[in-house]
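To start, the structure under review is shown below, and the notes come after it.
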Amino acid sequence: MSYPLHLFWHRRDLRLADNLGLYAARQHTPTVVGVFCFDPALLQGQDVAAVRVAYLLGCLQALKEAYQQRGGCLLMVQGDPRQVIPEVATTLKATAVHWHEDVEPYARERDRVVAATLNDLGIAVHRQWDQLLHPPSAVQTQQGQPYTVYTPFWRNWSALPKAAPVPPPPDFAPLEATEIASIPLPSTHDLGFDWSGELILAPGEAAAAQQLAHFSQHAIYEYGEQRNYPGRPGTALLSPALKFGVIGIRTVWAASEAALEHARSDEARASIRTWQQELAWREFYQHALYWFPELAERPYRQGFASFPWVNDISQFEAWCRGETGYPIVDAAMRQLNETGWMHNRCRMIVASFLTKDLIINPQWGERYFMQRLIDGDLAANNGGWQWSASSGMDPKPLRIFNPMSQAQKFDPDADYIRRWLPELRSVDTPELLSGSISPLERHRCGYPPPIVDHHVQQQRFKQMYHDHFRR
Ligand SMILES: Cc1cc2nc3c(=O)[nH]c(=O)nc-3n(C[C@H](O)[C@H](O)[C@H](O)COP(=O)(O)OP(=O)(O)OC[C@H]3O[C@@H](n4cnc5c(N)ncnc54)[C@H](O)[C@@H]3O)c2cc1C
C-alpha cells in the first residue's frame, strides 16, 4: 500500500520530540520527509555568528541521524526557499507541506510566498504555531490589543492552560523516490565561517534534553538567587536550544512544573516561578516583534529615532574587544568573543555601558551581539537592547547601570572578572570591583585606562536625554 508523501520543512524546530507540526504530519501519513533549506539570504546576512552556524550544523547532523534511526530521511537543500521548497515538494510528488509559524518579518514574508506557490501547485499547506506556549493572538488585552508592558502580559500568559508535549514519531516509511536533490551537510568552513572553539551546549536534541534534566533537577531550585551571579552556573544554558527549537517549549514548561511539584520550600517554588517568568519574557519579545515588525529596524519609542548618539567608532571598537578599562564590562565582552555566550546580567551591564556611558546607538551593539552570540535571536536580542537603551516597551525610561556597583554586587570575589581578564589576576579584589586600579598597575598588567568616566558620562547622557525629549 502506498501512502501520500508529506514534507515537513524544518526551520527553528530541529528535533523530533514535542514537535507539533511533525507529529501532525505523521498522523496523516507514515511517509513524512524532513527538509532543511540553507538560505543564502540568511547565511550571507550581516548578523550571522560563526558559533551559531556551528551549533546549527551540529543540530542538523543529529537530526539527520534521528530521522535515519527511525527509517526516515532529512533532506538538505540550498537556495531561495521560495523556489526550492515548492521544487522539492513537486519532485517528491508531495501532497502536503507542513511548517511552523515564525514571528520574524523575513520569515513571515517568505512563508507567505511559499504558501501561495504551493497553493497554485495544488499542494496542501499545513501551518501551525510550535515555538511558543501561546501564539500572539492568544495573549491580548481586554480591548484585543497586544500587550506593550510585561507585567500584565505575564499575568494573562501565566494564567492560560499550557499544552503538554507530544511524543516523537515512532518511525517513518522509507522514501522510495530516487531523484532527491539533497546536498551533503556542509561544514562551518564550507559556509564561509570559522569556529574552532567549544560550544557552551553540545548540539542536538539529546544534549538539550540532558541539559534541561540537569537544570530542572538541581539549579532551578536556587535560580532566583543564583541567576544574577555571572561567575556561578546558576542559569539553564538552554538559549541556543530554544533559539533553534532543539527542545520543545512544552517539554521545557513541563519540566518546570514537575520541579514545582518536587519543591520543598517557598523559596524553591519562587525560584522556579522566576525561571518561568524568563520563559515568558522570551514569549513577550516574540509577540512584540510579531505585532510590531518595525521593531527590527527602529526604536519602539519614536523619539529615540532622532537621538543624537555620539557614535565614536574607536570607543565602539574598544567595547567590542573588551578594552574599555572597566573590568566587568571587558570580562563580559571577552566571554562573548571567546565562547559566543554571555551571562544575562552582563548583557545588561555591557548594553547599558554602550548606550549610556559611550552614548552609542544601541543598534550597533545589537548587531555586534548577533554577530557573536550562539543564541542570537532577533526578538530576544532586540528586546534586550531596547530595554537597556530605554527605547523599548518599558515603563521605567532611564535605567543606567553603574558598572562598579554591579560588579560589587554580582561578582563580589571578582571570580568572573579574573576568569575572563587573566592579565588582572594578581590585582586585589576591591580594586577590580571599584575599577580604581592605578595607572601604574594598569600599565604593568597591560590593561587599558578607562576610556570614559562613568560619572561624567551618566550626567552627560541624562542631560542629552532631557534636552532631547523636552523639545
Ligand atoms: C542586551 C541583551 C541581549 C540579549 N540577546 C539575546 C539573544 O540574542 N537571544 C536570547 O535567547 N536571549 C537574549 N537575551 C536574554 C538572555 O540574556 C538570555 O536568554 C539568557 O542569558 C540565556 O541564558 P540561559 O539559557 O542560561 O537563560 P535562563 O536564565 O536559564 O532563562 C531560560 C530561558 O528563558 C529565556 N530568557 C531568559 N531571559 C530572557 C530575556 N531577558 N529575554 C528573552 N528571553 C529570555 C531564554 O530562552 C533562556 O534560555 C538578551 C538579553 C539582553 C539584556
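The values are calculated or read from the model by the stated rules, or taken from the named source; none is laboratory data. Please read these numbers as outputs of a predicted model, since none were measured by experiment. Backbone-built Cβ (ideal geometry, glycine too); neighbour counts: all protein chains shown. Please note that ligands, DNA and RNA were not included when accessible areas were found on the heavy atoms of the full protein model with its side chains. Shrake-Rupley method; radii C 1.70, N 1.55, O 1.52, S 1.80 Å.
Key figures
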{"item": "Residues located in region 205-237, provided they are under 15 Å from W341 (Cβ atoms), in a loop (DSSP other than H, G, I, E, B) and either within 9 Å of the ligand (Cβ to nearest atom) or not small (G, A, S) (or both)", "result": "R227, P230, R232, P233, G234, T235, A236, L237"}
{"item": "Any helices (runs of 4 or more DSSP H) falling wholly within region 328-397 and containing at least 3 residues that are polar (S, T, N, Q) and crowded, with 24+ Cβ neighbours inside 10 Å", "result": "378-389"}
{"item": "Condition broken by D111, with the remaining ones in (1) over 18 Å from L279 (Cβ atoms); (2) open to solvent by 10 Å² or more (accessible area, probe 1.4 Å); (3) not hydrophobic (A, V, I, L, M, F, W, C) satisfied", "result": "(2)"}
{"item": "Only listed residue being surrounded by 16 or more Cβ atoms within 10 Å (Cβ to Cβ), among the acidic types (D, E), more than 18 Å from the chain's Cα centre (by Cα) and at pLDDT 95 or above, chosen from D120, D39", "result": "D39"}
{"item": "Failed item in (1) touching a Phe, Trp or Tyr at 6+ places or on another chain (Cβ under 8 Å); (2) outside any strand (DSSP E or B); (3) open to solvent by less than 10 Å² (accessible area, probe 1.4 Å), with A89 passing the rest", "result": "(1)"}
{"item": "Residues satisfying the stated conditions in region 72-86, i.e. open to solvent by less than 40 Å² (accessible area, probe 1.4 Å) and assigned to a helix (DSSP H, G or I)", "result": "P81, V84, I85, P86"}
{"item": "Subset of region 281-327 [of a type in the set (S, T, Y), open to solvent by less than 50 Å² (accessible area, probe 1.4 Å) and either assigned by the TED database to the domain that holds L432 or assigned to a loop (DSSP other than H, G, I, E, B) (or both)]", "result": "T324, Y326"}
{"item": "Filter result for H10 (within 23 Å of G248 (Cβ to Cβ), in contact with a strand residue (DSSP E or B) (Cβ under 8 Å, 6 or more places away or on another chain) and buried (at least 23 other Cβ atoms within 10 Å of the Cβ))", "result": "yes"}
{"item": "Any hit, region 166-175, residues being surrounded by 14 or more Cβ atoms within 10 Å (Cβ to Cβ), modelled with pLDDT under 95 and more than 16 Å from the ligand (Cβ to nearest atom)", "result": "yes"}
